[in-house]
Amino acid sequence: MTPEAVTTGGSHHSAPSRLPSSARRPRRRTTVLLACIAAVSALVAAPTAVADDQESASPYAFPKVKAPSGARVIEVKQLDERSADLLIASPAMGADMPVRVILPRSWSATSKRTFPTVYLLQGASDDYTSWTRETDIEQLASDNDAIIVTPEGGRAGFYTDWFNGGAKGGPKWETFHTLELPQILESAYKANKRRALIGLSEGGLGALNYAGRHPGKYAYAASFSGVVDIEEQATRTGIYITCAREGIDAIKLWGHPADQSHVWEAHNPARHPERLRGVKVHLSAASGMPGGLEASFDPFAGLLEGPTWTPNVRFANSLREEGVDVTSNFHTTGTHAWPYWQRELHLVWPGVLKALRVSR
């Protein structure tokens, strides 16, 4: 019914009572008109009410929040109902850092329940989207009650607060990942203090160092084709090559190997296997020989993987000697490539859930 009809009905309803009965008949039509108006008004209002209800009924939320450390979420780009890219203004980094967060299905903004967190750490020359781009982690974890987080790690950040010649300032990757980010997730995203780390290549170094250097903070740490001994000559050369390729002075990471040997030692998992007592650890590496999972054999990926074998086997043995609960997969074939890391992700996933006490 149009506004004009409403106006017309109103004028008939306000007609004087002295009119003849024939003239007062529109009063009945007016009653009908008013009923129609009410019905139409209800119909017009209904979609808005439904939309509001639907919006408020959604259990997922990605709030902008400030952590006690001063880090704060300044932008949210929602990817779907349960996942979003957060942009975090990080004092430790002196920059705005992207982080991808995937909430579990059972997450609710109105619930008091909290959830464990699985941090996935990227390798060198890549970014925070790599795990969701190259693996099926979203599908794998879709029915598990854990928050999945893939933070930016830099193309050659090496998961450390850079020494920078002893000068203050960033980047401070370790502080960003182990202090600022957990505070944000715990303050507004219902994360609890049960945490797991899975890293590949350079990210494997991050997983082992974070778990070892922050006792009691992580229940699980897995390293796929990871850097486990930064003082080994072949590994150190690889670090220098990686940094050079990304335009970074490798000396900024931990200083000069001779002059700042104590800094290198402090950030070398192989030097401190005892730090990982109480953490469930998993190590994997391959020989570098073709394994059939890649579309075609990449000799460079083979050359990258081969040198990871011996240091990882040696580190696994030293962990066991220190009483660390460690599992390992050392594959006779396989290269430094995503198909093998995808396979390893599926192999370790039940152990991740067990360490986090996730029942499903």
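The values are calculated or read from the model by the stated rules, or taken from the named source; none is laboratory data. All of these numbers come straight from a predicted model, not from anything done at the bench. Cβ: placed from backbone, ideal geometry, glycine included. Neighbour counts: every protein chain shown.
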message: Suppose the filter is assigned by TED's automatic domain parsing to the domain that holds Pro307, closer than 18 Å to Ala285 by Cα and not charged (D, E, K, R); does Ser223 pass it?
response: yes
- request: Sort out which residues of the range 164-201 are aromatic (Phe, Trp, Tyr) and touching an Asp or Glu at 6+ places or on another chain (Cβ under 7 Å), and write them in order of number.
  value: Trp173
query: Mind checking which residues of the range 206-228 are in contact with a strand residue (DSSP E or B) (Cβ under 7 Å, 6 or more places away or on another chain) and either part of a helix (DSSP H, G or I) or at pLDDT below 95 (or both)?
result: Gly206, Ala207, Leu208, Tyr210, Ala211
task: Within the range 177-205, track down each residue that is touching a Ser or Thr at 6+ places or on another chain (Cβ under 7 Å), under 19 Å from Pro98 (Cα atoms) and part of a helix (DSSP H, G or I).
output: Leu179, Glu180, Gln183, Leu185
- request: Quickly run through the range 282-299 and pick out the residues that are more than 8 Å from Gly334 (Cβ to Cβ) and in contact (Cβ under 8 Å) with a residue 24 or more places away in the chain.
  value: His282, Leu283, Ser284, Ala285, Pro290, Gly292, Glu294, Phe297, Asp298
- request: Give the number of residues within the range 315-353 that are of a type in the set (Lys, Arg) and touching a residue at least 60 places away in the same chain (Cβ under 8 Å).
  value: 0
task: Specify the residue that is surrounded by the fewest Cβ atoms within 10 Å (Cβ to Cβ); the eligible residues are those in the range 106-135 that are of a type in the set (D, E, K, R) and within 28 Å of Glu246 (Cβ to Cβ).
output: Arg133
query: So which residues in the range 97-130 are among the hydrophobic types (A, V, I, L, M, F, W, C) and either part of a strand (DSSP E or B) or out of contact with any helix residue (DSSP H, G or I) (no Cβ under 9 Å at 6 or more places or on another chain) (or both), if there are any at all?
result: Met97, Val99, Val101, Ile102, Leu103, Trp107, Ala109, Phe115, Val118, Leu120, Leu121
- line: Of Ala89, Ala141, the only residue that is over 23 Å from Gly351 (Cα atoms), surrounded by 16 or more Cβ atoms within 10 Å (Cβ to Cβ) and in the same structural domain as Leu197 (by TED's automatic domain parsing) is Ala89
message: Filter the range 67-86 down to the residues that are among the hydrophobic types (A, V, I, L, M, F, W, C), in a loop (DSSP other than H, G, I, E, B) and crowded, with 18+ Cβ neighbours inside 10 Å and list them by number.
response: Ala67, Ala71
task: Name, by its number, the condition in (1) touching a Ser or Thr at 6+ places or on another chain (Cβ under 6 Å); (2) within 22 Å of Ala124 (Cα to Cα) that does not hold for Glu294.
output: (1)
message: Residues to consider are Gly323, Gly302; find the one that is within 22 Å of Ala207 (Cα to Cα), modelled with pLDDT of 95 or more and not β-branched (Val, Ile, Thr).
response: Gly323
query: When the range 132-176 is examined, which residues are found to be part of a helix (DSSP H, G or I), of a type in the set (A, V, I, L, M) and within 14 Å of Val101 (Cα to Cα)?
result: Ile137
statement: Phe300: passes all of (1) in a helix (DSSP H, G or I); (2) surrounded by 18 or more Cβ atoms within 10 Å (Cβ to Cβ) but (2)
query: Does Asn329 satisfy the condition of being assigned to a helix (DSSP H, G or I), among the polar types (S, T, N, Q), within 29 Å of the chain's Cα centre (by Cα) and closer than 26 Å to Ala196 by Cβ?
result: no
Candidates Gly169, Gly212, filtered to the one that is in the same structural domain as Glu294 (by TED's automatic domain parsing) and out of contact with any Lys or Arg (no Cβ under 9 Å at 6 or more places or on another chain): Gly169
